[in-house]
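S.K.: Pasting in a structure now, in structure tokens, and then I'll have a few things to ask.
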Amino acid sequence: MVEKLLYRLSEFANNFTCCGVLSKPEKRRESQAEEVMLLRPRSASRSSSVDTLNEIDDYPPQTEITLVYNKVGKKQCDGHYSQNLIIRYDGKAFVYKVWNFRLDDCKETRTAVRKLIRLKHDNILKSYRYYRYPGGVLECYFEHTLRDHIKAQQSKKIFLNSQQRYQVLTDILNGLEYLHDHGIVHENLTTKNILITNTGEAKLSDFGYVSLFQTKLALSKKALYHHHKIAYMCQDALNGHVGKKNDIYSFAIVATEVISGKQAYDAFRIPQYLRDWLANEKYWKHLNDKRLGSRHQEKKLFSTSISGKTFRVELLEICNKCCSEHATNRPSLVEVKTGFALLKMKYTKGKQPLVLYEKWEGMRTKLNHVLGRQ
């Protein structure tokens, strides 16, 4: 009699659960699984809920994020879009990027966050997980930005030589190309938002908030007076127009900063904005980082070529073209990448096979098109 009663009770409990009424622990586990599956790539969402939950064991839980955030307090954010909090968990260092804007928990937000989490490229900073409170993503931690490397003294380990600087610019172009191919405009490209790994690889961060969330994140009045911010922005970006050519303009300022070693804005310099130096060729002789060229191989790379110009000057020509006032006059990202690649071919004669140099000779017209030459 007792066995029959227990059997009927268990049967009733199973039917009750199947009807959608779950106990509190089961509800909690299901909601956690849904949240993780929402924020992990598709491959993870196909696995069972238990496997999906195990995938995030290496990442800080929501309670840890809340604890650190409440301890630091709601202080003024580092940037216009976000504040960076360093989270140390299980012997690893992460950066929790607290967004400076609030998002509604709707279908559009979940789709945008899912797209952000799925982005994966060698030159893009990976976002691991999204936390609803206080709102932001967990990212990999890197100690130095590109600005730190440019400002570093020559004796420091993080000082970049000529070849390393050129490779960083190539990495930036590759990262931008990946974002543009996925319909994302960076719209916040500065030397502070480019991180450099221990191996010298560049990774773009703080990108695509306007494109992903389709929210009018207009610049605040405070940001409009932040010269180090607007020094990288074209007039279209300042007016709130989002477009891929805005990133071309910002890249040109970043590239000029890398080539010259000068900051994009300096209050004690005339002209104060680096773009004004780039717009006038008489200033180009000053857009030269004198810390470079002390070694023989660097002198060879930046020496005059058979055309009578230097590698540095021809790079500045491309940057100047990218800073055209009208977006239609700026080259496309593919054209900029082509120009950079062809210049490398041109100035590595003798170091590369002869066929590579002959290839450059046959593609000279493409470079002339990028530079707007006749």
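S.K.: Could you give the length gained on full extension between residue 280 and residue 332, defined as 0.36 nm per residue of separation minus the Cα-Cα distance, in nm?
M.R.: That works out to 16.5 nm of additional length.
S.K.: Here is a further query. Pairs 203/245; 115/262; 126/262; 285/337: which are spaced more than 26 Å apart, C-alpha to C-alpha?
M.R.: Result: 115/262; 126/262 exceed 26 Å.
S.K.: Using mean Cβ contacts within 10 Å as the protection proxy, how do 241-249, 282-290, 114-122 order, highest first?
M.R.: 241-249, 114-122, 282-290
S.K.: Another question, if that's okay. Report the extension gain between residue 197 and residue 148 in nm, rounded to one decimal, defined as 0.36 nm multiplied by the number of residues separating them, less their alpha carbon distance.
M.R.: Taking residue 197 through residue 148 to full extension adds about 16.4 nm, to one decimal.
Throughout, read-outs are computed from the coordinates displayed, never taken from laboratory work. Note that this is a predicted model, so its numbers are computed, not measured. Note that each Cβ is placed from the backbone with ideal geometry, even for glycine, and that neighbours are counted across all protein chains shown.
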